Amino acid sequence: MIKLTNISKSFGRNPVLKSIDLTVNKGEVVVILGPSGSGKTTLLRCVNYLEKPSSGEIAIGDFRMNAEHASKKDIHALRQKTAMVFQQYNLFKHKTAIENVMEGLVIVKKIPKDEARKRSAALLEKVGLAGKLDAYPSQLSGGQQQRVGIARALALEPEVILFDEPTSALDPELVGEVLEVIRKIAKEGITMIVVTHEMGFARDVANHVVFMDGGVIVEEGPPAQLFNHPREERTKQFLKRITPELNYSI
Amino acid sequence: MGAPFDFSFVLSFFPKLASTLGITLLIVAGSLVVGMLVGFLIALPRLYRIPALRTFSQVYVSFFRGTPILIQLFLFYYGLPEILKLIGIDMSKAPVLVFVILTYGLHTGAFMSEMIRASVMAVDRGQLEAAYAVGMTGRQAFTRIVLPQALAIAVPVFSNLVIALLKDTSLAFTLGVMEMTGKAQTLGSVTQHFIESYIALALIYLVVSFTLEKLLKALEVRLLRHELPDTPARSGFRIQKKGSYRRVVAGIGTEKGGAEL
């Protein structure tokens, strides 16, 4: 279980997150929605300390840390429990697909190379890239790169995988293949926090949807409730704007 | 000036000059080693923004970039022993070559530090974030991810520095070091065939620079093998998709036409 308590973050004098509380149960897929500038990506990045929260507490399982006074050891421990899939993929450019997946296993988890290679090849096969093990990121399409990114995150066997708008940088025709992979691993019971604009995906895959605006959680609940019967006016406005098809039922 | 031009002297000077090529290359190699070490030490405070040391680095770089290498040679050769004498170290028996390598090393170090700083800063920040997200420590992220990519970016600049250094070492003769240029002068004086001597000298420098350039180019190709020859990055301009906006990235090269990347 992941528990964020009272997480706040300011950039200079500008508050981006205002005392956020969020609980994610084991095996749950939590989707965070919200307009740009609502703080959803910042919140996600606070979970693995790529962004330093100004205050609050982060707990994953038995591990807990004070986000304001975190030691290097805490941060390192936290990052070992999490993995991230980036909007811009951020594959290691100078390494092949399989080396990208192996890197964390060999360097961080100290798993012998042969073993790491075997596991990495299996994961790349799982995300549909069995034929691209030795390709460099520059030889892969955006969708393929993002699938390598997902395999890299899976390899670490983290307690939670954080997805930061995983399909936003993709050409529209490549979005499907990436979402399909995420859907597949969601079914395996891997805990995920996903920031996305893909409403269809959120509706189908999420167990819990969080709507953020202006640095606070406006409303949260199961997708059926949040999408069909939003309570807050702000949520209704947002959903109306982002899913216009709801207004034109045939 | 001197005896009438005779091409046969050019040929006969080649082996004589080539025998001192070793000294020239020793100065180059020694200075590169010193320069790399100094370059790193000078670059780090600026990369990590360490307050007082950072200012020192800036002053250091300004001094070595802003004054002629010839003056630096004189300052170190005549000035350093005087300063060291004050703290009781006698440098009068130290070989000239030590001063020469030290000066060229410190000089190159200033340029190296700028090269290192620029290359490290040129590595995409997302690479570092990905390394942290995978669970690497700061040191692992630097040595495994940032450094290899920075090296590839640095090679073209490094190549220029090495060739500039090779040519700069021709000034070491002013302190009486018998490297190639010193030898060429001596040969000229002895035979009175100055032009022939300098032609031979220029040709040797040219061959050595050309060889170094090709070797470093090969290194660059190897380090940049992840950037494939057929990727759009090689064409002059490309559209790069970045999130919700697109930007045009210009490829700027040193070659004519500016398309080589």
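A few notes on this one:
- The one condition from (1) in contact with a helix residue (DSSP H, G or I) (Cβ under 6 Å, 6 or more places away or on another chain); (2) open to solvent by 70 Å² or more (accessible area, probe 1.4 Å) that B:Leu75 does not meet is (1).
- Every condition in (1) within 14 Å of another protein chain (Cβ to nearest Cβ); (2) open to solvent by less than 30 Å² (accessible area, probe 1.4 Å); (3) of a type in the set (A, V, I, L, M, F, W, C) is met by A:Leu129 except one, and the failing one is (1).
- Scope region A:20-39; condition more than 17 Å from A:Asp164 (Cα to Cα) and surrounded by 22 or more Cβ atoms within 10 Å (Cβ to Cβ); matching residues: A:Ile20
- Checking each residue in region B:145-160 for being crowded, with 19+ Cβ neighbours inside 10 Å and either over 30 Å from B:Glu129 (Cβ atoms) or of a type in the set (S, T, N, Q) (or both) picks out B:Gln149, B:Ser159.
- Identity of the residue in region B:106-165, within 14 Å of another protein chain (Cβ to nearest Cβ) and among the hydroxyl-bearing types (Ser, Thr, Tyr), that ends up farthest from B:Ala43 (Cα to Cα): B:Tyr132
- Check on B:Val96, open to solvent by 10 Å² or more (accessible area, probe 1.4 Å) and touching a helix residue (DSSP H, G or I) at 6+ places or on another chain (Cβ under 8 Å): yes
- The single condition among (1) more than 17 Å from B:Leu70 (Cα to Cα); (2) part of a helix (DSSP H, G or I); (3) of a type in the set (S, T, N, Q) that B:Ser92 does not satisfy is (2).
- Qualifying residue in region A:76-85 (condition: more than 10 Å from every other protein chain (Cβ to nearest Cβ) and within 12 Å of B:Gly135 (Cα to Cα)): no
- A:Asp114 meets all of the listed conditions (1) more than 8 Å from chain B (Cβ to nearest Cβ); (2) acidic (Asp, Glu); (3) open to solvent by less than 30 Å² (accessible area, probe 1.4 Å) but one, namely (3).
- Failed item, numbered, when A:Asp171 is tested on (1) more than 24 Å from A:Glu99 (Cα to Cα); (2) touching a residue at least 12 places away in the same chain (Cβ under 8 Å); (3) away from every other protein chain (no Cβ under 12 Å): (3)
- Exactly one residue among B:Ile145, B:Ile204 is assigned to a helix (DSSP H, G or I) and either closer than 26 Å to B:Leu128 by Cβ or charged (D, E, K, R) (or both), and that residue is B:Ile145.
- When A:Lys72, A:Lys52 are checked against the criterion of being within 14 Å of chain B (Cβ to nearest Cβ), open to solvent by 50 Å² or more (accessible area, probe 1.4 Å) and over 20 Å from A:Met212 (Cα atoms), a single residue qualifies: A:Lys72.
- Residue in region B:44-65 that is of a type in the set (Gly, Ala, Ser) and open to solvent by 40 Å² or more (accessible area, probe 1.4 Å) present: yes
- Subset of region A:101-111 that is facing chain B (nearest Cβ under 9 Å) and not hydrophobic (A, V, I, L, M, F, W, C) - its residue that is surrounded by the fewest Cβ atoms within 10 Å (Cβ to Cβ): A:Lys109
- Single residue of A:Gly27, A:Gly34, A:Gly39, A:Gly12 found to be in contact with a helix residue (DSSP H, G or I) (Cβ under 7 Å, 6 or more places away or on another chain) and either more than 14 Å from chain B (Cβ to nearest Cβ) or not polar (S, T, N, Q) (or both): A:Gly34
- Meets criteria (open to solvent by 10 Å² or more (accessible area, probe 1.4 Å) and in contact with a Lys or Arg (Cβ under 7 Å, 6 or more places away or on another chain)) for A:Ser10: no
- Count of region B:182-229 residues, restricted to those that are acidic (Asp, Glu) and closer than 13 Å to B:Phe14 by Cβ, is 1.
- Residues of region B:177-211 that are within 21 Å of B:Thr103 (Cβ to Cβ) and open to solvent by 40 Å² or more (accessible area, probe 1.4 Å): B:Met178, B:Lys183, B:Gln185.
- In region B:166-173, the condition of being more than 10 Å from the chain's Cα centre (by Cα), farther than 15 Å from B:Leu215 by Cα and within 14 Å of chain A (Cβ to nearest Cβ) is met by no residue.
The values are calculated or read from the model by the stated rules, or taken from the named source; none is laboratory data. Since we're looking at a predicted model, the values are computed, not measured. Neighbour counts are summed over all protein chains in view; Cβ atoms, including those assigned to glycine, are modelled from backbone coordinates with ideal geometry. Ligands, DNA and RNA are stripped out before the accessible areas are found, and what is left, the full protein with its side chains, is counted by its heavy atoms. Shrake-Rupley method; radii C 1.70, N 1.55, O 1.52, S 1.80 Å.
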